[in-house]
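Data first, discussion second: the structure below is written as C-alpha cells.
Since every read-out is calculated from the coordinates, none of them should be taken as a lab result. Keep in mind that what you see is a predicted model, and the values were worked out from it rather than measured. In this analysis, Cβ positions are derived from the backbone assuming ideal geometry, glycine residues included, and neighbour counts consider all displayed protein chains.
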Amino acid sequence: MKSKKINLLKLLLTSSVAISCAILPVSCSLLSNDNDKKITIKNYEFNNLSSEYTIESKKLNLSFVNDGNVPYVNLLQMINSLDGFFDRNYINFSTNILFSELKMTTKFGYISFNWKTNKITMPNTYYEYITKSPGKTNFNKYLKSKSYYSKDFNKNTIVIDLKKYNFDILYHNGNVLLPLAIFNLLFCSTNYYNLYFNGNKIYGCDFDIKSNVQEIPQIRNSKFQNSLIPKDIVEAKFNFTALLIDYFYGLKEYNNINSFYSTISNEQKQRMLSQNPVISTKEYIKYLYNLNDLHTWVSMPSFYNHRDSSIAKDFYEYTTNKRERIYQSTRKYLKNNKLNNWVIQTSKENRELFEKYGVRFISNNTAVISFNSFKTFQNLNDNSTNKGFSEDTYLGFANAMKLIKKNLRNMKIKNIIVDLSTNSGGNIGAMQRGLGFITDEPILNKTYNRLNEEINIRSVEVDTDGDGNYKNDAYSEYNWYLLTGVNTFSAANTFTSIFKEMKLGKIIGQKTGGGAASILPVVLPDGTSIVISSNNLSVTIKNNTIKSIEGGIEPDIYLEYKDFYNDQKLLEIIKNK
C-alpha cells in the first residue's frame, strides 16, 4: 500500500505547470525552492537583428536576484517568447517538484535542470536541435543524406555541476530561472544565434557579431558603457569562462588543459577579476589568443568598455599568436608570389578569366581553380547562377567547370589543380558541394563530439548539375590535384582530409594549417563576444583509431612556397607523378 501512495505522489508532483503545495500530501517545507530570495523582474524591449529568423519585437523579462546585476531568465517563458527561433513543436516540459527537476524533452533528446543540486543533466547534446530552419540560407542545398552512422564510446550521462562554477538554478514561485549567459550558451550559441543584453535592450543576433558591422553601434549603445564592471558580473564572467572551457572548448585535451581554474595564475585571475573593463578585456584577450587556436578569438569588448571601443582599434597588439603570425606571413608571401610569378607574366585574357572564374590555364592540358573560402549564397529567393566563388562555392565550381569544358583555344584539359593554398575555410555544406564536382562517390564527413564522446559518419550525395538527379554528376574524367599549405585551414583542411582519405587524387604543396573544430559563438556575462573551437571535431579513422585533423594534413608531394605559382614546377610534378 505504501508503494502505491508513493507512485501517486510522483504522479501528482510531475506536471508541465506549477502545482500549489496546498493540494499535495507533503509539507511544503520538504520541497526545495528559492522563494526566500528577493527576485526583481524587469521588462526590456527585445529587437531581433537576425537575417535568418523572424522574431517579432516584444517585451522580455529579466530577473535579478537579491538586488544583484547578473540577469536570469525564466526558462519556459524565454523559450516561448522566442517562437520565431525555437520550434515549439519539438519541445515539451515536465516539472517534478518532489525531485526538484525540470525536464525539457526535444525531438532527439532531453536536458534536465535540478534546482536542489544545481546540476544540468543530459544523455548527449542532441537536445539542442530545437530551432526552426533558417529563413534566408539553405546550407544543405543540392545535398542529400546517403547514410548516417553513430557510435557512442561513453554511455555515461553528461552532468554539469554549476555549483563548481558558483552558479545557481533557481526555482522561484513555480518558475525555473537560469542565468542568461547559461541559457544563451545551451540553447542559442550552439545554434549560431545569441542574445545581447546591454542594459537598455535585449538584441538577438546571428552568429559572430563582428560580421554584422552595421548593427554594432546600435548594440553598443549601452547604459553600462565606460563604467566599472560590477563585482558580481566580473565574478560571473570569470566562472562562466571556466565552465565554457571545461565543457564546451573542443581543443581542451589537445591543448593539455586540465581545467580553466588550474591554468590561471593568481596574477591572471586578479586582472581578469578587475572591475576596470580595459584591464579585464585585455587579460581575457591574452588568455584566449594564447591558446594558439585560429578558431578562437574575441569579436567585441564588453558593454562596460567605451561604446566606440573595438578589438581592432584598442587591443590589436594582443590578438596575435605564433600560429597567426605564421599564417599571416605565409599568406602575404603567397600573395606577392602570385603577383610576381604569374599575374605579371600572363596575358590580359588569362587575368580576366582568373578574376571572373577563378580559373587559370597553365598548359594545354592543365587548369588551376583557385578560391579563398567555402561560401553559401545567403538568399533563398535569388536563383541566379552567374555567381562566382566570392559568393557561392557551388556556383563558382559550376561556372569554372563550364569554362574548362568549353575547350578554349582547342585546349584538351586532362588535369585540374584545386588551389586551396590561401583558402581559410568556411561553410561545411559548401565544402561538401565542392567535393561533389570531383567524385560521384558519397562524400564521407567524419566528426567526433568531445562532450558526447561519440563518432558520427555522415555520407552525402551532391546534385552537381542541379537537375534533381544525384547520380553521375561529377567531373571524374579529369585527374584531380590539390595545392595546399599552412593557410589551407578549417573547412579547407577538412576538404583536404576527405580528398586524401577517399583517394581522390594527389595533394601537392605543404602541410595544411589544421583547424578541426566547428566554431561556437558565445557571449560572456559582461557582453564580451567571443568565438571558440566547439566540441564538434573533424577526424580521420584508420585501423579503428580516431585522429583529429587539428594538426593538419601532410601532402603527397612536397613543394616549396616559392614554387606554388611556378607553372613549370606544377607541370613537372603532374608529369612525374
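Overview of results
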{"item": "Cα-derived Rg to Rh of the chain, Kirkwood definition", "result": "1.01"}
{"item": "Per-residue HN-Hα couplings for segment 38-52 [Karplus 6.51, -1.76, 1.60; θ = phi - 60°; Hz; x = Gly/Pro]", "result": "7, 10, 9, 9, 10, 9, 10, 6, 10, 10, 8, 9, 6, 8, 9"}
{"item": "Of Lys136/Lys446; Lys332/Lys405; Lys164/Lys252; Lys356/Lys405; Lys151/Lys542; Lys151/Lys547, those spanning more than 22 Å from alpha-carbon to alpha-carbon", "result": "Lys136/Lys446; Lys332/Lys405"}
{"item": "Tilt relative to the chain, helix 491-501 - C-alpha long axis, 0 to 90 degrees, to 10", "result": "60"}
{"item": "Point-to-point label distance, Arg351-Phe139, nm (Cα→Cβ direction, 7 Å offset)", "result": "3.9"}
{"item": "Charge tally in the Cβ shell below 11 Å around Leu49, where Lys, Arg are +1 and Asp, Glu are -1, Leu49 excluded", "result": "-2"}
{"item": "Helical mean residue ellipticity (222 nm; -39500 (n - 2.57) per DSSP H run of 4+; nearest 500) of the chain", "result": "-7000 deg cm²/dmol"}
{"item": "Equivalent ellipsoid, segment 429-517 (semi-axes from 5 times Cα gyration tensor eigenvalues, Å)", "result": "22, 19, 10"}
{"item": "Nearby lysines by direct alpha-carbon distance to Lys163 (threshold 17 angstrom, same-chain neighbours under 8 apart not counted)", "result": "Lys116, Lys119, Lys237"}
{"item": "Square roots of 5 times each gyration tensor eigenvalue, C-alpha, segment 415-455, largest first, Å", "result": "25, 15, 8"}
{"item": "Cross-link table Lys387/Lys577; Lys146/Lys375; Lys144/Lys387; Lys338/Lys387; Lys155/Lys506; Lys375/Lys506, entries beyond 30 Å C-alpha to C-alpha", "result": "Lys387/Lys577; Lys155/Lys506"}
{"item": "Inter-label distance, nm, simple model (7 Å from Cα along the C-beta direction), Thr157/Gln268", "result": "3.3"}
{"item": "Under 5 Å, built H, 5+ apart or other chain: amide partners of Val418", "result": "Ile369, Tyr481, Leu482, Leu483"}
{"item": "Normalised alpha carbon radius of gyration of segment 372-513 [divisor 2.2 N^0.38 Å]", "result": "1.06"}
{"item": "Radius 13 Å from Cβ of Pro230, net charge of other residues (Lys, Arg +1; Asp, Glu -1)", "result": "-1"}
{"item": "Amide proton proximity set for Tyr110, modelled H, under 5 Å, gap of 5+", "result": "Asn124, Tyr127"}
{"item": "Intensity falloff of segment 35-141 expressed as log10 I(q)/I(0), Debye formula with alpha-carbon point scatterers, at q = 0.12, 0.16 Å⁻¹", "result": "-0.54, -0.91"}
{"item": "Inter-centroid distance (Cα atoms) of segment 540-577 relative to segment 114-152, Å", "result": "34"}
{"item": "Descending semi-axes in Å of segment 436-577, equivalent ellipsoid built from Cα gyration tensor", "result": "29, 22, 15"}
{"item": "Full-extension gain in nm, Asn256 to Asn472, via 0.36 nm per residue minus C-alpha separation", "result": "73.2 nm"}
{"item": "Convex hull volume per residue for segment 218-273, taking Cα atoms only, in Å³", "result": "111"}
{"item": "Cα convex hull volume per residue for segment 308-409 (Å³)", "result": "166"}
{"item": "Neighbourhood net charge (11 Å Cβ-Cβ; Lys/Arg +1, Asp/Glu -1) for Pro123", "result": "-1"}
{"item": "In sequence order, calculated HN-Hα J values of segment 277-284 (Karplus, 6.51, -1.76, 1.60; Hz; x Gly/Pro)", "result": "x, 5, 5, 4, 4, 4, 5, 5"}
{"item": "Distance between segment 451-484 and segment 60-107 - C-alpha centres, whole angstrom", "result": "40"}
{"item": "Largest to smallest principal axis extent of the C-alpha atoms in segment 107-153, angstrom", "result": "48, 31, 13"}
{"item": "Cα Rg, Dmax, segment 193-337, angstrom units", "result": "16.3, 53"}
{"item": "Segments 561-571, 540-550, 485-495, 367-377 sorted - mean Cβ within 10 Å per residue, highest first", "result": "485-495, 367-377, 561-571, 540-550"}
{"item": "Along principal axes, Cα extents of segment 149-191, largest first, whole Å", "result": "43, 23, 22"}
{"item": "Protection-proxy order for peptides 152-163, 97-108, each taking the mean of Cβ atoms within 10 Å per residue, highest first", "result": "97-108, 152-163"}
{"item": "Loop trypsin sites (Lys or Arg not before Pro), segment 426-527 (other Cβ atoms within 10 Å of the site Cβ: 11 or fewer; DSSP)", "result": "Lys471, Lys503"}
